[in-house]
Each structure stands twice: as C-alpha cells, then as structure tokens.
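Notes follow once the structure below has been shown.
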C-alpha cells in the first residue's frame, strides 16, 4: 500500500528515512476530516428525521431508523475500505469492471428478478444485487480513465466524443429497458457532467444540444405510459390530484405548511397522518421540511453544498488527471442525486424515485454514496503522492 | 501549484472549476428560492391545505367469533347494529352540533359532550362513539341530515345476539365497553375506545380468540369531511369459532326444570370431564349487554336478592349437606374405620361430649349399616363414624376427590369452597378443633363449603375409579377457515387412591337412594334408566329447635336442597350435581332437576314425577346440631 520504494527517486530536501515517516503521517494529515464530519452530520440528521417519519408505524420488527444506523455503519466501513486502497489501481481495473457490469445488466434483462413491474435485480440468494446501482460508480471510473488518457487542451471534437457517449449510452439504454428511468437519467447526468468538464468544442456543443433536444422529444415516444403520465402530471399536477399527482401535491403541502420554523419535531400532520407517501424513502425531506421549516432546510442545503464544494476542492487538488475526473464524477453523482430528489419533492422536477443521499432510508443508496465518499477521501489523502 | 504542476497543463482548468462551482451554487440557490417560495411566501396557503387535507380512517369492527354447542347448534351469534360517532377533527362548532344531534339520539347534549371528552383523550383522528345500536330509523334520519351534521359518522357494527335467549347466559358471560383502565393494559393494546370486550364468562376468558381483528376503510375526505373516494379497505378478520362441550337441549331441559327456583346444576361426562350442562338460576338476558345496558337495568340486576348475575355453578359455595356423606363414607372405608357391615343403632340422637346431636329422623333409623346410612341418610351413623375417622383424615380424602379446590374450568371467578381441618381452624380462628365439629362436618354442615361444579366432579370421580378430571367446557376453537387452534383433551387433575371395593360399596348405597323404597330419592327414579344419587339438605340459618325450615318458612330461611347423581347406574356416563337454593329437601326439590337432565340425555319424554312421591319420606332435613345440643 505504501509506495515507499519510489520515494527516494523524487527530489526532496529531506532525508529519505524522515520522508518515509513523514509520508505515513501525510496520508493521515491529508485525510479530509471535514468531508467525513459533513457526511456523518447529514446522516445523523437523516436518522433523527427517519425516527419521526416512521414513528406512527407498527412497532413490530426493527425500526427503520435503527436499520438505517446499521447501514450507515456498514457504509462507513465500506468508505474506509475504499479509501485504504490507492485509487490508481482502479485506472487499470476500470474497463474490466465496466465489462462485467454491462454483462450483469444483460443478465438482469434475461433472468432478473421482477418486483412491482420492474426487473432490476439479480437474486444472489443472500441478497439482491442491483447492477444499475453499481453502474453509477463504474461509469465514473470508466469515463475518468478515458479522459485521463485522452486529455485535450482545446476541447473534444464530436468525433472524439463518440467513444465516451458509446460507453455511457450502452448502460443507459440497458437500464432504461428495465425500466428504471431515474437511474438511467442519473447515469446520463453524471456522464454528461464529466464530458462537459473534460471540454467540448463549441461546434460540437451546438450539435450535441440540437441532438439532445431532438433526442428528448423523440425519446418521448420511447417512454412507458406511466412515465409519460408522470411527466404530464409534473407539468400539471392538478390534472390527477388523487392519482399520479398525489405525491407532488402532498409533498408540496408538507413542505409549504412547514413555514419558516416548522411545525415541530414529530408534529408534522402531513407525515404523521400518513398523508405523505413513501415518507421514509424518496420523500424523507418533505417530513424534515414540514417539521423543521425553512431555516433548517436552508441549513441542510448548505451542508450538502459544502459536501459538493469539498468534493470539487479535492478534485482540484488531485495529483493526477484520473484522480481529478474520479473525484469530479463522485461530486456529480452526489450533486445530481441531491438536485433531482429535492427538485422532485418541492415540485421542480417530475417524480422519478431518486433517493436523497444519506437522508432517504435504503441500504443500496447508502452503500453507493459511501463508495463515492470513500473514493473522494482516497483521492484527497493521496494528493501529495505520485 | 506545487507538486500538481506536473500534469495540470490543461489551459483554463482553473476557470472550469470555478464555473462548475458557481453552477452548483446557482442550482442550490434555485432550490433555496423555491423553498423560500413554498415555506415563506406560500406558507399560509399550504398550511390551510394541510389542515383541510385529511385521510379519514374509518374502523370496521370485526364480528366476534360465534359459539356453538357440541352438536353444532349456534348459541352465540352476531347481528348488525347501527352506531353514531363523531370525528372531532372535523367539527368546528361542537356545542351546536351536539345540540342538533341530541334529539335524534334521545340523549342529553351534556351526556354527549361527556362521551366526546372521554374519547378526545385518546385520539383526535379516530371516530368517537356517541351512541350505540340506535336502530335503522335513527340512522337513516341522521344520514339524511348529514350536511347539517359535519363530522358525524354512522357505522354498522356487529353486536352479540343470542338465538336461545337466556340459555347458558352465565357461561357465555357478557360484553361491555372497554374501560379506560383496561385500554392501558398490554392485552388490549390494539383496542380502541368504544370497542366491546368480554367482561365475564367465556367472553372474557376467550377474549383473545373471540375478538378478531378490526378492519379499516381509508377514505380521502375534503375540507367539509365529505368522502371523496375510498383509498383502501382492510377487511376485518372475524373472531374464531368456539365449539363447546355443552349440549344445548340438555342445558335447556335443566334450566326449565328449575322453573322459577334459584340455584345451579352441573352435568359432566364422567369419562372426560366435559361439561354438558352448566346452569345457574335465575338467569339474565345477555342481549341486554350486547349494545350497552342501561343504568337502571344494571342496578336492577345487581340488587336482585337472588343474584342473577352470579354464576352459581362455579361461584356458589354451599354447605353440601348429606351429599357430603358419599365422600365421608369413602374416607372411612379407606381408613378402615368402617366396613360395609359397620352398624350403628340410630335412636334419633346421640350425645357427643355434653351436647346432643340429632338425626333428621326423630324416631331414629334403628340398626343401620353403611348402605342404609347412605340410602336413608342416617346422620347418627355419620356422626359416630366421622368422630372415629377424625377431621384430618376425613378432609384429606375429601380433598382428593376434588372438593375444596378450584378445578380450572376456564371461567373467571371460580371458587374453591372450603374443607376444614385442624390446621385450618388454628390458622383461621387460632382455636382447637372439637369432636362436635367433626360430627357436623361429617354430615356436610358447619364449615364445609363446596360448589356445584366440585360436587359434580366428585360424583364423576366416585364412578370412574377415583379420577378427578378437570372439568372443561371448551371442546375446541377453530379459526374462520376451520383450522383447529385449540382442542381440549381430558386431563386427570389427580387420582384419589381409593380401593375399588370402597367405591363399589358407596355406589351401591347411592343406587339404593334412588332405586329402593325408603331411599330419599325414590320418588325421582326413572323407569327407563336406572340412576344413582345422594340427596342433601343444608341449612342456611340457625333456627331454634323445631322452627319450620320447610316450605312454610320465610324464603331466605328455607334450607338449600342438593342432589348428586350419576347414570346409568351400571355403566356411568353422566354425573350431575344440583343445588336448589332455599328449595327445602334434596329429594323433592333438587332430584327432579337431575331427573330432567337424565331424561334429556337419554332422550326420554319428560314425565311427571312418579305417582307415589307424595307421602314418601323423601326428605332428609339435617338437624341443627347447635340448636339441638343446647
């Protein structure tokens, strides 16, 4: 793990032995405690919120907030594991991961486990693997690898972007087929963010924008009926207030009725009266907003924004291009989850079933988020290594 | 750029980071602005929406489990009743609403307000019951006026119905609204105010089986509480079916045989301990309780001197009188104090210490052996043998026969009776035991107390070889799908170690009681079925010497009449114990009830008593030793 043997070849003013000691300490010194603190803080608020959101439930079985605590523990363990292995190994493994993951997505299509009309899982006996979720991380590694090699000073041409779009497009289409609009959309957002950051020529950007719009309007006809209905409803929730518009209306009422200071912890009438659906998963923030009000919401937003900024800072200070893209990809992953979920619960975006990282109940979301956090910490603590 | 300078050669990288950071911040700002709009600018609007925005949970009561007799006769069922309740969260002007509602329900507004307040302590969002079982007309009127009665709900609830009226009412017990204390208990965790729970009898002991699980309708409602649409219905789960060991026609025959007399009767299968009839008189109409009994009716039942609410079969503790002689005779035979040939010359009285104890028969029975002592219920024989036996040995054997202990029938409030001995008296009174007390105990008087259930169990033990079987009344319990949840198997509580010869001797005496001229129950014999028994009369109050304690005495001063019996005599199947309170003599008052039970069991036509009953020395009025001794 310690590439100490390479150190003496680097120019240095210090004695090699001292450097070696110093170097060990650097790994710890440059560990991003700030990021860890922010993550734990948000997760703790999330758990307190889950306690309220599920307090009126049948007391049998393990309470949801306790299960979430377990998941947080597991997640932190995963984060530490991920950051203990030098991320640069991933550069070589990236494409292998990608190949395996695409194969798994194909397996899902052929022999996946179907729940509630969607085929997203592979039944492994002891747990259900959701390859689309893993793909969120793998696509980051894959694109990071691609762009770290194909660095371009003056932006990429359309032709040069064909490769990355293909890399992204295959899993996106496979996931759309499951169907899982939310995840495929997020994949598209994350990938596009990395591509845009890597640089696109103005001419190429114009063409892409055109095709993007054309594709979006053409894609309308590829959507399932219920997906179309969600988008229609998003544009006009009142058209079906008790059907597909129900979530948005109830969530907006919950958030809005919270007012400036909130109704008080455990006092949310919307949530405590079971008026709000899925209030422990996708709509956990609505419960928070109703009970704590605008001030607390702002504070929570700030915490999330800080996470994003710390992530960008880590990307900025990365030692190599791969690390930079990797960190940036993770930032994009967190960012889009936050934006899509919050946008959804406050009625800015259609309801697509995207969890709020660290806040919504769920093991999968927690694990994916923590792998991302582990990668960020990994890149961050090795910013003085070569 | 330090160590990073090696690779970060891309021009404009710094700008790109700045641009992306600003973009992220801008999008976050957009979210914040949206929150500002929702939570500050439009807060009032959404707050009012959230206030009006309700899902109404309307509970659907589960029908309680039905109760059947052993042959599948439906004894306890359910019928629909209409209730009126109110959802406080949807009422703006409480006083006005209650004033308007009161005339429909025929209840004072103040009373309605009281019920409202009581319900408010539990939940604002669940309906509070205001009136039960209001009748179809009232419900229709309320529904028609629904617009002017916001928040008022009408609901259909199953309530108990009893196809056979008072039959076995004590056994079933009755329901009552759950109390505030009960609702705090763990056992009633899932109950809500206004629900009915078993208060006594099987309804209480089998509550968890009978109750079922409440269902729920989730209804979307608008500001005015009008139902917009049904979101979801959770069907209630009915309670489980209880199949009793009871035999309905026998139960009814026994109840009928009591006519307007008070008392109790128990009929058991001697081989299994199954209860085929369990009578307590007078009875009550359990339907009165089905949807809330009025205060007046309740007080009436409580203050009735004949205690109609008490289950006398398991809670009535009576001196067993001469029926006790069966147990004493067995004790004496076992101890070797007496043999079948042991004879006593009964001269109508005997002196013990310095007191005189009289036999019920003034002129005496003459030379009397064990069989005759049982058949004619000679007191003197038992005084003498009892003293030879001693109270401790007597009580020990008697207890082995199931007297003086609760038998675990499975109904609440079963009493244990009392079988005294020296140690008990020392504990209770701090005094020694006297021979005179032994003599009185030997004829089932004095301190001795037994319940009808114990007497029947003892009778069964006498004929089944000494096994004290746990009496039980629940045969099995099935869930609504017919799956058996619970089944009762015969259980031997303990076996009295009695020589078969002793049991045979006593049984011969009991046969003579009914089937030989001069036997105290001779008049109650049946031609078709030969049964055996033992009469008893137990005094209620101590009266001076020759005071009348018979039919001409004040009702409360009359003696209790008892009878224990089994049938058929040569192949016993059924054991019966009967107590008729203040009925006079066991032979004339209690034996006919047993007779009616046997007649029903063996499918005989009910017949009037045998013609030669009149003038027969059927009675065995036990004397009052205290009075006679003084």
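Quick note: the coordinates plus some simple rules give every number you see, no bench work behind them. Because the structure is predicted, anything quoted here is derived from the model rather than measured. Note: ideal-geometry Cβ built from the backbone for every residue, glycine included; neighbour counts use all protein chains shown.
Quick one, what does Rg over Rh come out to for segment B:268-368 if you take C-alpha atoms and the Kirkwood Rh?
Values: Rg = 22.4 Å, Rh = 18.7 Å.
Using Cα coordinates only, the ratio equals 1.20.
Per-residue mean of foreign Cβ neighbours for A:248-261 is 6 (Cβ atoms of other chains, 10 Å radius).
A simple packing score, the average count of other Cβ atoms within 10 Å per residue, orders the peptides A:280-292, B:298-310 as A:280-292, B:298-310, with the highest score first. When chain A is treated as a Gaussian network with alpha carbon springs shorter than 10 Å, the biggest mean-square fluctuation among A:157, A:233, A:54 belongs to A:157.
Here the contact order of chain A, divided by its residue count and restricted to Cα pairs under 8 Å and six or more residues apart, works out to 26 percent.
The Cα atoms of segment B:145-212 give a gyration tensor whose axes a ≥ b ≥ c have a/c of 1.5 or more with a/b no greater than b/c, which makes the shape oblate. Rounded to two decimals, the Cα radius of gyration of chain B over 2.2 N^0.38 Å is 1.38. Taking 7 Å steps out from each Cα toward its Cβ at residue B:234 and residue A:70 produces label points 2.4 nm apart.
When a/c is below 1.5 the answer is rounded, else prolate if a/b is larger than b/c, else oblate, so apply that to segment B:120-267 with a ≥ b ≥ c taken from the square roots of the Cα gyration tensor eigenvalues. In terms of gyration-tensor shape, prolate.
Relative contact order of segment B:183-337: 13 percent, from C-alpha pairs under 8 Å at least 6 residues apart in sequence. Ordering B:234-240, B:456-462 by mean Cβ neighbour count within 10 Å, with the highest value first, yields B:456-462, B:234-240. Per residue of B:43-49, other chain Cβ atoms within 10 Å of the residue Cβ number 6 on average. Which part of segment B:321-339 falls in the paramagnetic zone of residue B:504, meaning amide N under 19 Å from the point 7 Å along Cα-to-beta-carbon? Residues B:329-339 qualify, since their backbone N sits under 19 Å from the label point.
Modelled spin-label separation between residue B:96 and residue B:431, with each label point placed 7 Å from Cα along the Cα-to-Cβ direction: 7.5 nm. The fewest-to-most ranking of A:146, B:170 by surrounding Cβ atoms within 10 Å reads A:146, B:170.
The mean number of Cβ atoms from other chains found within 10 Å of a Cβ in peptide A:315-324 is 4, as a whole number. Placing a pseudo-label 7 Å from each Cα along the Cα-to-Cβ vector at residue A:303 and residue B:110 gives an inter-label distance of 5.6 nm.
The overall shape of segment A:267-328, judged from the alpha-carbon gyration tensor, is oblate: a/c is not under 1.5, and a/b is no greater than b/c.
Test of understanding: ordering B:322, B:50 by Cβ neighbours within 10 Å, fewest first, what list do you get?
Numbers: B:322 30, B:50 22.
Going from least to most buried by this count: B:50, B:322.
Compared with the rule-of-thumb size 2.2 N^0.38 Å for a compact globular protein, chain A has a Cα radius of gyration ratio of 1.04. With respect to chain B, whose longest principal axis is taken over its alpha-carbon atoms, helix B:379-389 is tilted by about 80°. Considering only A:334, A:167, A:37, the mean-square fluctuation computed in a Gaussian network model of chain A, springs between alpha carbons under 10 angstrom, is largest for A:37. If a spin label sat at a point 7 angstrom from the Cα of residue B:23 along the line to its beta carbon, the backbone N atoms of segment A:336-357 nearer than 13 Å would be those of A:336.
Panel values: segment B:257-298, Kirkwood radius from alpha carbon pairs, Stokes-Einstein at 20 °C and 1.002 mPa s, translational diffusion coefficient 169 µm²/s. Comparing Cα centroids, segment B:73-145 and segment A:288-350 end up 53 angstrom apart.
Subtracting the Cα-Cα distance of residue B:486 and residue B:177 from their residue separation scaled by 0.36 nm leaves 108.5 nm. In plain terms, the bigger the Kirkwood radius, the slower the diffusion; for the protein assembly as shown, with that radius from Cα pairs, at 4 °C and 1.567 mPa s, Stokes-Einstein puts D at 36 µm²/s.
Each peptide in B:497-504, B:474-481 gets a packing score, the mean of other Cβ atoms within 10 Å over its residues, and the list from highest to lowest is B:474-481, B:497-504. Per-residue extension of 0.36 nm, minus the Cα-Cα distance of residue B:341 and residue B:406, leaves a gain of 19.9 nm for this segment.
Rounded to 0.05, the FRET efficiency of the residue B:497 and residue B:249 pair, given R0 = 30 Å and the Cβ-Cβ distance, is 0.20. For helix B:325-335, report the angle its Cα long axis makes with the longest principal axis of the Cα atoms of chain B; keep it between 0 and 90° and round to the nearest 10°. Helix B:325-335 sits at roughly 70 degrees to that axis.
Ranked for footprinting exposure by Cβ neighbours inside 10 Å, fewest first, A:369, B:179 give B:179, A:369.
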